[in-house]
Amino acid sequence: MAAFFKKLFAPIDQLKSGLAKTRKKLASGLGSVFKAFNRIDEDALERLEEALIEADVGVDAAAQIIDDIRKAHKEGRIEDSQALKGFLKNELKKILRQTTETGIRMADSPPTVILVAGVNGSGKTTAIARLAHFFVQDGRKVMLAASDTFRAAAVEQLDIWSKRIGCDIVKHKTGGDPGAVAYDAVEAAIARGIDVLIVDTAGRLHTKENLMRELTKIKRVIQRKLPDAPHEVMLIIDANTGQNSIQQVKLFDEAIGVTGIFLAKLDGTAKGGAVVAIRRNCSIPVKFVGLGEQPEDVDTFDADRFVDAMFD
Ligand SMILES: Nc1nc2c(ncn2[C@@H]2O[C@H](COP(=O)(O)OP(=O)(O)O)[C@@H](O)[C@H]2O)c(=O)[nH]1
Ligand SMILES: [Mg+2]
């Protein structure tokens with residue numbers, strides 16, 4: 001599985017405005033340090049640390065960054081506010097840069113199967129719509145599988161998206177067996193020469209254990225038809241979840257082996273720093289960030305681009 005889908009970027013201004021609340025939080029923290037910069041005192045550093053923590057960078061990461069700044073300042077490596085900003089940006093980029101590819105993993109021969117998971121309301125269905133839109137724009141044949149059969153209206157919601165985007169959908173009735181939907185979808189995808197099959201799943205069942213068991217079963221059912229699938233297991237995390245997201249990643253990863261994270265709802269939260277906490281604590285790459293509710297409101301995650309958009 002060597003191929004990765006090309007990276008698709010939103011206009012930089014869209015990323016910037018998506019990050020507006022996080023930007024504001026960090027800018028006020030930085031501003032107070034700049035003002036007092038002649039003597040970069042403990043007071044100012046404390047305020048910067050607070051701003052980083054409030055942006056959900058994580059207590060550990062914030063402390064480490066502040067320590068590094070303090071050290072660099074003492075050694076005369078940070079002389080003015082521009083240098084401080086540059087230093088901070090560099091620290092964040094270092095944490096966020098990923099060794100792994102950030103594009104979507106593609107099958108050697110179609111169909112590529114993307115299994116999408118995440119807690120209820122995290123933004124799964126909306127993320128699916130955006131990924132599907134990506135591929136359709138690229139001229140690929142896309143199919144959705146409505147395996148969230150638990151929540152009433154979930155099937156209908158996905159159906160509406162499929163019509164809007166212009167792609168196929170395989171669905172059963174609400175309350176049906178999600179594994180059976182996935183199985184039928186894989187079969188249909190092979191028969192119809194589909195390039196990309198995206199499987200929606202439930203985010204909540206009667207218990208957490210039930211949910212994990214069901215997700216594992218869906219994955220197994222897919223593999224019965226296509227042994228190397230799913231090629232991508234995308235976990236959708238609501239950016240507002242903040243520090244809790246690390247627990248979610250671990251839980252889902254244990255059950256289904258997550259290969260990529262889609263951080264949804266970055267717009268409208270000041271907790272954009274959560275991406276730093278996720279990177280520091282999980283080895284799974286953040287592949288996409290969600291910037292709104294429309295099919296175009298998505299950006300491929302790129303550390304340098306992300307940090308630049310946060311500060312420039
Ligand atoms: N502002 C914003 N809203 C989003 C984003 N992603 C999802 N939503 C909204 O969050 C709500 C739940 O999304 P949905 O995709 O249905 O979540 P699901 O339960 O995981 O399938 C919906 O109202 C979406 O429109 C995003 O990136 N930005
Ligand atoms: Mg849904």
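Readers should treat all values here as calculations from the given coordinates under stated rules, not as data from a laboratory. Not measured: the values here are computed from a predicted model. Here the Cβ is made from the backbone with ideal geometry for all residues, glycine too, and neighbour counts use every protein chain on show.
Based on the Cβ-Cβ distance from Arg280 to Gln82, what FRET efficiency comes out when R0 is 25 Å, to the nearest 0.05? Walk me through the numbers before you get to the answer.
Details: r = 26 Å, r/R0 = 1.05.
That pair, Arg280 with Gln82, gives E of 0.45.
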Using θ = phi - 60° and the Karplus relation 6.51 cos²θ - 1.76 cosθ + 1.60, list the HN-Hα couplings for region 63-79 in order, rounded to whole Hz, with x at every Gly or Pro.
-> 4, 5, 5, 5, 4, 4, 5, 4, 5, 4, 5, 4, 7, x, 8, 10, 9
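Report relative contact order for the chain in percent, whole number only (criteria: Cα-Cα under 8 Å, sequence separation at least 6).
Computed over the chain, the figure is 27 percent.
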If you line up the long axis of helix 42-54 against the longest principal axis of the chain, both from Cα atoms, how many degrees apart are they, to the nearest 10?
-> 10
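Using the Kirkwood radius built from alpha carbon pairs, what does the Stokes-Einstein equation give as D for region 38-194 at 25 °C and 0.890 mPa s, in µm² per second? Don't skip to the end; give the middle numbers.
Numbers: Rh = 19.6 Å.
Translational D for this selection: 125 µm²/s.
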Computed over the chain: longest principal axis from alpha-carbon atoms vs helix 124-137 long axis, angle to nearest 10 degrees, is 80
Could you pull out the pairs from Lys7/Lys250; Lys25/Lys94; Lys94/Lys208; Lys94/Lys225; Lys163/Lys287 whose alpha carbons sit more than 29 Å apart here?
-> Lys94/Lys208; Lys94/Lys225
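Calculate, in whole percent, how much of the Cα-Cα pair population of region 207-312 lies beyond 22 Å.
Numbers: 2037 of 5565 pairs.
More than 22 Å apart: 37 percent of the Cα pairs in region 207-312.
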Determine the principal axes of the Cα atoms in the chain, then give the extent along each, sorted from largest to smallest and rounded to whole angstroms.
-> 68, 40, 32
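Return the Rg/Rh ratio of region 12-96 with Cα-based radii and a Kirkwood Rh.
Details: Rg = 12.5 Å, Rh = 13.1 Å.
Here Rg/Rh amounts to 0.96.
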Helix 178-191 sits off the longest principal axis of the Cα atoms of the chain, rounded to the nearest 10 on a 0 to 90 degree scale, by 80
Principal axes first, then extents: for the Cα atoms of region 111-175, list largest minus smallest coordinate on each axis, whole Å, largest first.
-> 33, 21, 21
Can you give the % of DSSP beta bridges in region 112-311 that are antiparallel, to the nearest 5?
-> 10
Would you calculate a helix-derived [θ] at 222 nm for the chain, using -39,500 (n - 2.57) for each DSSP H run of n ≥ 4 and dividing by the full residue count, to the nearest 500?
-> -15500 deg cm²/dmol
